[in-house]
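None of the figures in this text is laboratory data; all of them are computed from the coordinates on show. Note that this is a predicted model, so its numbers are computed, not measured. Note that each Cβ is placed from the backbone with ideal geometry, even for glycine, and that neighbours are counted across all protein chains shown.
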Amino acid sequence: MKYELLVCREKVKQFFDPRSNISLLQSQVKPGDRIWFLESHLFWHPSVTVSQNFHNMLPSRPPLENKHFRKCAVVGNSGILFNSGCGKEIDTHDFVFRCNLPELEGHERDVGTKSNFTTMNPSVMFTYYKDFAEPKLKERFIKRLRRLEGGILFIPAFVAKSEKHHVQWTNDIILKHNINVRTAYPSPDMEKWIRRYWKSTEYRVARPSSGMWMYTFAASLCDEVHLYGMYPFDIDRYGRNIKYHYYDPRPFATMYGGHDMPIEFQVFKSLHEKGALRLQTDKCQASR
């Protein structure tokens, strides 16, 4: 393990340990308990009541308990992956993190198929599946969940009350269709822990994105961390235009939800130069 990655791992542990803190557990709450959302308003702080179904979805043991991996990939969704030919290389990693339930079908050559740990912002239910306005959209969502094939689905369920029904829909679908996936729901405190960690570093990132969350987890669990699809620009180093996401025509932006992606890219670039990760921003060797 590179020294800089070891330093990162030890410092992360001062704030939280993904092996034990990655999700709320059944033993930590019970049906009827209230959980407060991270968002707050001037005169009130919204909460949700833990249902029996939701309690059943919580893991009984930490999903990453006692886990350690030699080589991990953290895969973002930048258009830089389009025609990259990185799929086979990504799938050689011992553990693969993916961000925000991205589309894989039709893109396997560029992004691979392995999905050990996948985040899903509940907002994707509207952004990409239009709240199931058409039956085929619901079918596509179910098919996408099935491709996780026993992997961990990490759902930030307590960020905004407005996403409560999307979390419930997802859980209901997993149960009704007997989808083979392990669910994990970070405590509302998780965002505080990660923010405090990054503010304690020389980089002082104000609001880390899900990609930065995944790197933080990987740095704590893996001897090597390779980043793919973390490129928040609309032109590559050869002057070619690239899409915001490799799988959709969403308008390009460097700021989404308060995350400053170009600043995060500079952080990753600095960590790459120090040997704490390997940042892939070109075609992979197998495709050349």
TODO: List nothing, just return the count: lysine pairs in the stretch 28-124, 8 or more apart or interchain, with Cα separation under 26 Å.
DONE: 5
Open item on the list: Bins of 5 Å, beginning at zero and ending with the bin holding the largest distance: percent of Cα pairs per bin for the stretch 48-195, please.
Closed with: 2, 8, 17, 22, 20, 16, 10, 3, 1, 0
Open item on the list: Full-extension gain between residue 270 and residue 39, please, as 0.36 nm times their residue separation minus the C-alpha to C-alpha distance.
Closed with: 80.0 nm
TODO: Could you pull out the longest piece of the chain with no exposed loop GluC sites (Glu not before Pro) in it, calling a site exposed if DSSP puts it outside H, G, I, E, B and it has at most 13 other Cβ atoms within 10 Å?
DONE: 203-288
TODO: Can you spot the lysines whose alpha carbon is less than 16 Å from residue 130's alpha carbon? Ignore those fewer than 8 places along the same chain.
DONE: 138, 143, 164
Open item on the list: Once you keep just the Cα pairs under 8 angstrom separated by 6 or more residues, what percentage relative contact order results for the chain?
Closed with: 27 percent
- [ ] Based solely on C-alpha atoms, express the radius of gyration and the Dmax of the chain in angstrom.
- [x] 18.5, 58
- [ ] Please give the net charge around residue 162, taking every other residue with its beta carbon less than 13 angstrom from that of residue 162, where Lys and Arg add +1 and Asp and Glu add -1.
- [x] -1
Task: the stretch 3-287: antiparallel DSSP beta bridges as a percent of all, rounded to 5 - done: 30 percent
Open item on the list: Only four residue types carry charge here, +1 at the Cβ of Lys and Arg and -1 at the Cβ of Asp and Glu. Report the dipole size of the stretch 3-287 about the Cα centre in Debye, rounded to the nearest 20.
Closed with: 320 debye
Open item on the list: As a test of the formula, what do you get for the chain when each DSSP H run with n ≥ 4 contributes -39,500 (n - 2.57) and the sum is divided by the residue count, at 222 nm and rounded to the nearest 500 deg cm²/dmol?
Closed with: -9500 deg cm²/dmol
- [ ] Order the peptides 205-217, 170-182, 69-81 from the highest to the lowest mean number of other Cβ atoms within 10 Å of their residues.
- [x] 69-81, 205-217, 170-182
Open item on the list: Quick check on the stretch 174-277: take the gyration tensor over C-alpha atoms, sort the square-rooted eigenvalues as a ≥ b ≥ c, and tell me if it's rounded (a/c under 1.5), prolate or oblate.
Closed with: oblate
